[in-house]
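Enquirer: The structure's right below; bear with me while I get my questions together.
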Amino acid sequence: MTSKIIVGLDGYEPDNRALAYARRLAELIGSCELVLVYVIEWSPFSFQTAEENAERHKRREEEIALAKSRVIEPAVSALSGDGLSVRGIVRHGDVAELLESIGVEEGAEQIIVARTSDKSLSSRIFGSSTANLVMHSRLPVTVVG
């Protein structure tokens, strides 16, 4: 049976730590698939005209293509080159909710994310995506420092 590990990426330097840790775990497990996930923060709670919705859909498609080419495809190529089973997913929505739901849908053993150094006011008031994921996930979450 193949194990699965979800690796949440955000396109910044800490991704390298999460990917290195996931690589090492996959090598130790042997039969393991890494599912790299990039979530573009997006809220469906916006009231817009039909024209604005059409433009928003176009923008979403552009953001997905950009995330795939800049974040997911290079990471998948690097890990696949090491002989690992890897694939990528890009979605729009809430980071913590989507990482957890994708993990459950995929039957993953755990979720790996990197700790960020976000000190913004909004993250101090509302909490970070990582903190929300750790607090609410039904799957084990490993936060790589």
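We did not get these values from a lab; they are worked out from the coordinates using the rules stated. Values in this document were obtained by computation on a predicted structure and should not be read as measured data. In this analysis, Cβ positions are derived from the backbone assuming ideal geometry, glycine residues included, and neighbour counts consider all displayed protein chains.
Enquirer: Residue by residue, what Karplus-based ³J(HN,Hα) values in Hz, rounded to whole numbers, does segment 101-115 have, using 6.51, -1.76 and 1.60 with θ = phi - 60° and x for Gly and Pro?
Expert: 5, 5, x, 5, 4, 7, x, 6, 7, 6, 10, 10, 9, 9, 6
Enquirer: Can you give me the long-range amide H partners of Ile112? Hydrogens built in the peptide plane at 1.01 Å from N, cutoff under 5 Å, separation of 5 or more residues or another chain.
Expert: So Ile112 has HN proximity to Ile6, Val7, Gly8, Thr142.
Enquirer: Collect residues whose amide H, placed 1.01 Å from N in the peptide plane, falls under 5 Å from the amide H of Ser137; neighbours closer than 5 in sequence don't count.
Expert: Sorted by chain and number, the residues that satisfy this come to none at all.
Enquirer: So if a site counts as exposed when it's one of the trypsin sites (Lys or Arg not before Pro), its DSSP state isn't H, G, I, E or B, and it has at most 14 other Cβ atoms within 10 Å, what's the longest stretch of the chain without one? Before the final figure, lay out each step's value.
Expert: Details: sites that count: Arg115, Lys119, Arg138.
That gives 1-114 as the longest site-free run.
Enquirer: Give, rounded to the nearest 20 debye, the magnitude of the charge dipole that the chain has about its Cα centre when Lys and Arg contribute +1 at Cβ and Asp and Glu contribute -1 at Cβ.
Expert: Details: 16 positive and 21 negative charges, 67 e Å.
That gives the chain a dipole magnitude of about 320 debye.
Enquirer: Further, regarding this structure: Please report, to one decimal in angstroms, the Kirkwood hydrodynamic radius of segment 22-94 built from all distinct Cα-Cα pairs.
Expert: In segment 22-94 this quantity evaluates to 14.1 Å.
Enquirer: Amide H neighbours of Glu33 under 5 Å, at least 5 residues apart or on other chains, H built in the peptide plane: list them.
Expert: Excluding prolines and chain starts, which carry no amide H, the hits are Ser3, Lys4, Ile5.
Enquirer: From the backbone phi of segment 25-42, what are the Karplus-calculated ³J(HN,Hα) couplings (6.51 cos²θ - 1.76 cosθ + 1.60, θ = phi - 60°) in whole Hz, Gly and Pro given as x?
Expert: For segment 25-42, the Karplus-derived couplings read 4, 4, 5, 5, 6, x, 8, 8, 10, 9, 10, 8, 10, 10, 10, 8, 4, 7 Hz, x marking Gly and Pro.
Enquirer: Using the reciprocal of the averaged 1/r over all distinct C-alpha pairs, how large is the Kirkwood radius of the chain in Å?
Expert: So the Kirkwood estimate lands at 15.9 Å.
Enquirer: In whole Hz, with x marking every Gly and Pro, tabulate ³J(HN,Hα) for segment 76-86 from phi via Karplus 6.51 cos²θ - 1.76 cosθ + 1.60, θ = phi - 60°.
Expert: 4, 4, 4, 6, 5, x, 8, x, 8, 8, 9
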